[in-house]
1. Diagonalise the Cα gyration tensor of region 29-114 and give the resulting equivalent ellipsoid semi-axes, square root of 5 times each eigenvalue, largest first, whole Å.
2. Mind sorting 164, 95 by how few other Cβ atoms lie within 10 Å of their own Cβ, fewest first?
3. Using all alpha carbons of the chain, what is the percent of pairwise distances in each 5 Å bin, ordered from the shortest bin to the longest?
4. Run the helix sum for the chain: -39,500 (n - 2.57) per DSSP H stretch of 4+ residues, divided by residue count, reported at 222 nm to the nearest 500 deg cm²/dmol.
5. Using a Gaussian network model of the chain whose springs link C-alpha atoms within less than 10 Å, name the residue from 40, 29, 154 with the highest mean-square fluctuation.
6. Please compute, for the alpha-carbon atoms of region 120-205, the extent along each of the three principal axes and give them in descending order in Å.
7. Arranged by the count of other C-beta atoms within 10 angstrom, fewest first, what order do 157, 123 take?
8. At a 10 Å Cβ-Cβ cut-off, how would you order 161, 5, 36, 122, fewest neighbours first?
């Protein structure tokens, strides 16, 4: 495996980034609670805070990520029913229909279009019929293919390839544009007041 591009980020992520995402992650917990799910997979789980929150609700959560740094943080003081595995989101080592619900938060915008499609295909595969997919990511300005300038600046600082993928994500409609990739019925879309992101809730028939 190549070097861990998220090693440095993993060190300060929970202090600098996580506080901004707390509201959206609590909302995802509410969704899982209302759906009364028992087994969830969190794709590109990062430092594992979403899995930790779900595990505290007695939901068995499997967090997968390729970053050793992120997984090291995720496994610290983890709840018993939170499981963290090094795994490529494009090729999940789970059987078809293994989960009631799959989550991916703020990861697709930094991937290339082809990788986004591969991850979507795998997420759909591992969710059982009647299950759900929850995606949290950036919303683009209504009627335009651009996003909050502050987000634009942060994403630019993440590197040229990251920013190139981010711009492609925005050009294709941002969060709402992902509906074309997943091709599943949209249950609802949650927007957060004055925030540049939202939650897309899809159902697998």
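Bear in mind these aren't lab numbers, they're just calculated from the coordinates by the rules spelled out. These numbers were taken from a predicted model, which means no experiment stands behind them. Reconstructed Cβ throughout: ideal geometry from the backbone, glycine too, with neighbour counts over all protein chains shown.
1. Largest first, region 29-114 gives 19, 16, 12 Å.
2. 95, 164
3. 1, 7, 16, 21, 23, 18, 10, 3, 0, 0
4. Calculated from helices alone, the mean residue ellipticity at 222 nm is -12500 deg cm²/dmol.
5. Top of the fluctuation ranking is 154.
6. 40, 28, 18
7. 157, 123
8. Ascending number of Cβ neighbours within 10 Å: 36, 161, 5, 122.
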